[in-house]
1. What angle do you read, to the nearest 10 degrees and between 0 and 90, between the alpha-carbon axis of helix 92-106 and the longest principal axis of the chain?
2. Hey, if we sort ASP259, ASP278 by accessible area with the 1.4 Å probe, largest down, what's the order?
3. GLU143: accessible area at probe 1.4 Å, nearest 10 Å²?
4. When the dipole is taken about the Cα centre of the range 153-309, and only Lys, Arg (+1) and Asp, Glu (-1) are charged at their Cβ, what size is it in debye, to the nearest 20?
5. Got a number for carbon plus sulfur as a percent of the chain's accessible area, 1.4 Å probe?
6. Ignoring ligands, DNA and RNA, what accessible area per residue does the range 178-247 give at 1.4 Å, in Å²?
7. Magnitude of the Cβ-charge dipole of the chain, K/R +1 and D/E -1, about the Cα centre, nearest 20 debye?
8. Could you derive backbone 3J(HN,Hα) for the range 209-224 from the dihedral phi with the Karplus parameters 6.51, -1.76 and 1.60 (θ = phi - 60°), listing whole Hz in sequence and x where the residue is Gly or Pro?
Amino acid sequence: MLDILLYDGFGDHDSGGERYAAELEAAVAGEVPAKHLVQFAKVATHTIGEHLGDWPRARRLGGRLLAGRAPDAETARAWGHLYVARLLAGDVAGAAEAEIDYCRGAGADFRAAIVEMKFLLVAALVGSQRAGEASGIYGGALELARTLGDAAPSRAIAVASNNLATELLEAPSRTEPEAALMQRAAAASHEFWLKCGNWLNDARGDYLEALVANVLGDPARSTVHIDRAFAMIAANGSAPVDETFLHLARAHALRLGGDDAAAAGELELSDSDAEGWDDEGLRAWYAEERARVMPDALAVEADDEDWDD
């Protein structure tokens, strides 16, 4: 049952955050095997801290989860999530203790653990709509990470970088320093996904860089990334949803480049694909992204039964 709660159940944390948080709080009263500690701490911190905005509650749950336990190589990252919850709840001393516990569990070379905690913090700040506070931490942490070579915590860096770039991308406006940070974060996300991910992560890295290039007014660069992503997908199989969003990104790039006819054709392709989706959340995401990148395009016809609410 715990496997279902922590992995399958996590998919509902966005729409049913309060219910999911209560289920986690009930589950921590029972026995939580060591193999589940990291995932438990991760989903609890993300759901209660970031989504519900209740960092003291996330701190309490994390404390109950790890009380009386000793970190080791398998479980140490759980204390990294506790570090974030305590710090953002204002428990500075408790956060320092959790940081020490993570380092102790990581072993003699705990440099990667220290760097990873900074990226966990960046991800949590961005998820809490505090990207401005995260930016300074991010730059320094990225510089430290590069000194670690292959020992760098690639996944944590990729996730935090992706979240930061996306937050800045979706902002209604950006200063020049924020635009530079967005571009840097998107490139770093792609770079570090290449170290720990697969071909689909690679294609999605190109997609993010394409979106960033578009908002920076560089459609030629965007097209390079889009073409590379399509080629990567074609060489490895298929990714229908990703391809739909790539067509939408290409429509945006073509519009920016002044080729309205070609842009309309790409938009027609992406609209046609999205009309066939059964997932309402996915369709809503597409509609939101479509409105963001092509605000002057004709809306999808309201009487199309596939798009009715």
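The values are calculated or read from the model by the stated rules, or taken from the named source; none is laboratory data. These numbers were taken from a predicted model, which means no experiment stands behind them. Glycine gets a Cβ as well: all are built from the backbone with ideal geometry, and neighbour counts include every protein chain shown. Note: areas computed on protein heavy atoms with side chains; ligands, DNA, RNA excluded. Shrake-Rupley method; radii C 1.70, N 1.55, O 1.52, S 1.80 Å.
1. The answer is roughly 90 degrees.
2. Details: ASP259 70, ASP278 145 Å².
Heavy-atom accessible area, descending, gives ASP278, ASP259.
3. About 120 Å², ignoring ligands and nucleic acids.
4. Values: 12 positive and 32 negative charges, 271 e Å.
In total the dipole reaches around 1300 debye.
5. Numbers: 7680 of 14840 Å².
Its accessible area is 52 percent carbon and sulfur atoms.
6. Values: 2870 Å² over 70 residues.
Counting only protein heavy atoms, the per-residue value for the range 178-247 is 41 Å².
7. On the way: 27 positive and 53 negative charges, 445 e Å.
I would put it at about 2140 debye.
8. Per residue, the Karplus-derived 3J(HN,Hα) values read 5, 5, 4, 5, 4, 4, 5, 8, x, 10, x, 5, 5, 4, 4, 4 Hz.
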